[in-house]
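The values are calculated or read from the model by the stated rules, or taken from the named source; none is laboratory data. Predicted model, so just to flag it, every value in this text is computed and none were measured. Counting neighbours? That spans all protein chains shown, and the Cβs are built from the backbone with ideal geometry, glycine included. What goes into the accessible areas is simple: the full protein's heavy atoms, side chains included, and nothing from ligands, DNA or RNA. Shrake-Rupley method; radii C 1.70, N 1.55, O 1.52, S 1.80 Å.
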Amino acid sequence: MIKLDNVHKSFGNNHVLRGVNLEVKEGTSTVIIGGSGTGKSICIKTILGLVIPEQGTITVDGIDVTKTNRDIFLARFGMLFQGGALFDSLPVWQNVAFRLLRGSLAKPKGEARAIAIEKLRRVGLTPDVADRFPAELSGGMQKRVGLARAIAADPEIIFFDEPTTGLDPIMAGIINDLIREIVTEMGATTITITHDMTSVRTIADHVAMLHGGKIRWAGPVSDMDTASDPYVDQFIHGRAKGPIASVR
Amino acid sequence: MKFLAAIGRTTLIILAAIGRVSLFAWTTLTHLLRTPFYPREMGFALLNIGWLSLPVVGLTAIFTGGALALQIYSGGARFNAEAVVPQIVAIGMVRELGPVLVGLMIAARVTSSIAAEIATMKVTEQIDALVTLSTHPMKYLTVPRVLAATVTVPLLVGIGDIIGIFGGYAVATGTLGFNKAAYVQNTIDFLQLRDVVSSLTKGAFFGFIAALMGCYFGMNSGRGAQGVGRATKGSVEAAAVLILAANFVLTGVFFSL
């Protein structure tokens, strides 16, 4: 289980997280929703140790993330970044197999390549993509390569940061289905950040809404539409009028 | 009082910057000795910094050596000392111009490239991705580049020295009427081992500085295209100034030996 307890983070005068409390149960898919700039990405980056919170504790399976062996800890995670974050200098298959080519999970090159091609197939990409470079791929293909990289080492916990942003509706639907399949088949614990309500309904078991630096509402996805919280109501229906200011 | 406060603030900013760069350099040095190592990255850095810098280093050195020969000849003519061209070209190239010009060319070519590449990686979250893939960015990005520059720039300086001397030789024997065999003999007789050692030592320091500045500014770049631009500009400025300052200090050290 992933637990954030009273997590605070500021950047200068911008107090982004103001006491975030969140629990993500093992083997479930949690989606964090919220307006742009509300700190959703910062939230998952604090779990990974990419951003250090000023206050609060974050535990994974009861262990404080700041007091664990980083290599062993990070080996449990996979992450799909918003822009893919593929390494330009490496061909696609080496991007996917990055973790399998070095470090504690290193495998022989041939085996790593075979796994990479299998993961690419898993996300709907053909083997001929393996030897291309990221710059030669479309945005949707880059996203799927990022997804293949996130699942390459069969991690226990996967984070998806805006997995469908910038994609056409059909490609977004394909990515959503892929993520749901991965969650179901791999039994991974996942946190997804998105604004896309179609993604939320496809991917989520649980939903948490971040607003004003705190978790405003959290609950099962089935309760989201009937939530009495006016912030959730405004957000999920995309209304311009409501308690969430349109100018932020 | 406002004037004193401004001086104090500026001093603090400079000291903080020196502290951050020193800490970055220390962290890089400590990572040099610890596993894992990334031979593939090291190979690419050696190729990019060393081999691919050869043309620009060679062209810079040959033109500088040629111009130096002409300057020494015309300057020396004022007191009937035209004959010292081989000796002054040799000592000027090996002790001073070779290492400094190669260092500055490396700052222009390599430091800017490293800073822009790493800054772009930071902006596009590739550095974060490295961390999530259990790869330390300092080890993967900084160590191979700094090590490759520290190893290859002395070699480039050595090659630059030879090409620069050849430039002087070509001009002196081709247009100034010097005897070819005598020119070479004078150059060999005049140069001492300590001149070559000081040249290569400077090269190692300049290579270290050039790559370190590229990595430092890249890793600490701001957001967006403007952040990448600032990192690139700042890295070249810092590398060039530090190379010239280090040259002064190292020259003083060798002078006192």
Q. Under a Cβ-Cβ cut-off of 9 Å, what is the net charge of the residues other than residue A:1 that fall near it, where Lys and Arg count +1 and Asp and Glu count -1?
A. -1
Q | Label zone at residue B:34 (point 7 Å along Cα-to-Cβ), backbone N below 16 Å, region A:58-78 | A | A:67-74
Q | Shielding score for A:84-92, defined as the mean number of other chain Cβ atoms within 10 Å | A | 4
Q.
Per residue, how large is the accessible surface of the protein assembly as shown? Use a 1.4 angstrom probe and give square angstrom.
A. 46 Å²
Q. Given +1 on the Cβ of Lys and Arg, -1 on the Cβ of Asp and Glu, and no further charges, what dipole in debye does chain B carry about its Cα centre, rounded to the nearest 20?
A. 620 debye
Q) What whole number of Å gives the distance from the Cα centroid of region A:203-228 to the Cα centroid of region B:104-143? A) 38 Å
Q) Taking the Cβ-Cβ separation of residue B:16 and residue A:114 as r and a Förster radius of 51 Å, what is the calculated FRET efficiency to the nearest 0.05? A) 0.55
Q: Please work out the Cα center distance from region A:118-165 to region A:39-73, rounded to the nearest Å.
A: 25 Å
Q. Percent relative contact order of chain A, based on C-alpha pairs within less than 8 angstrom and at least six residues apart?
A. 25 percent
Q: Using DSSP, restrict attention to beta bridges with both residues in the protein assembly as shown and report what percent are antiparallel, rounded to the nearest 5.
A: 55 percent
Q: Mind ranking A:63-74, B:207-218, A:107-118 by how tightly packed they are, going by the mean number of other C-beta atoms within 10 angstrom, highest first?
A: B:207-218, A:107-118, A:63-74
Q. What quantity of accessible surface, computed with a 1.4 Å probe and excluding non-protein components, is buried in total between chains A and B, in Å² to the nearest 100?
A. 1600 Å²
Q: Rank B:11, B:187, B:152 by mean-square fluctuation in a GNM of chain B with C-alpha springs under 10 angstrom and give only the top-ranked residue.
A: B:11
Q: Taking chain B as the reference, fit the longest principal axis to its C-alpha atoms, fit the long axis of helix B:54-76 to the helix C-alpha atoms, and give the angle between the two in degrees, 0 to 90, nearest 10.
A: 40 degrees
Q) Which angle between 0 and 90 degrees, to the nearest 10, do you get for helix B:193-219 versus the longest principal axis of chain B when only C-alpha atoms count? A) 30 degrees
Q: Identify which of B:111, B:142, B:120 has the largest mean-square fluctuation in a Gaussian network model of chain B, with springs joining Cα atoms closer than 10 Å.
A: B:120
(Q) Give me a comma-separated list of calculated 3J(HN,Hα) values for region B:3-8, in order, Karplus coefficients 6.51, -1.76, 1.60 applied at θ = phi - 60°, integers in Hz, x for any Gly or Pro. (A) 5, 5, 5, 5, 4, x
Q: Taking amide H positions as placed in the peptide plane 1.01 Å from N, state which residues far from residue A:152 in sequence (5 or more) or on other chains have amide H under 5 Å from it.
A: none
Q | Accessible carbon and sulfur surface of region A:89-248 relative to its total accessible area, %, 1.4 Å | A | 54 percent
Q) Summing -39500 (n - 2.57) over the DSSP H runs of n ≥ 4 in the protein assembly as shown and dividing by its residue number, what mean residue ellipticity at 222 nm do you reach, to the nearest 500 deg cm²/dmol? A) -18000 deg cm²/dmol
Q.
I want the local charge near residue B:17. Using Cβ-Cβ distances under 15 Å, sum +1 for each Lys or Arg and -1 for each Asp or Glu among the other residues.
A. +2
Q. Anyone know which of B:18, B:72, B:91 comes out most mobile in the 10 Å Cα GNM of chain B?
A. B:18
Q: Taking chain B as the reference, fit the longest principal axis to its C-alpha atoms, fit the long axis of helix B:112-123 to the helix C-alpha atoms, and give the angle between the two in degrees, 0 to 90, nearest 10.
A: 10 degrees
(Q) For peptide B:133-139, what's the mean number of Cβ atoms from other chains within 10 Å of each residue's Cβ? (A) 6
Q. Which whole-number percent gives the relative contact order of region B:38-256, counting Cα pairs below 8 Å spaced six or more residues apart?
A. 34 percent
Q: Excluding residue A:75 itself, calculate the net charge of residues whose Cβ lies under 15 Å from the Cβ of residue A:75, where each Lys or Arg counts +1 and each Asp or Glu counts -1.
A: +2
Q. Is the shape of region A:29-167 rounded, prolate or oblate, going by the alpha carbon gyration tensor and its root eigenvalues a ≥ b ≥ c, with a/c under 1.5 for rounded and a/b larger than b/c for prolate?
A. oblate
Q. When only Cα pairs under 8 Å and 6 or more residues apart are kept, what is the percent relative contact order across region A:87-154?
A. 44 percent
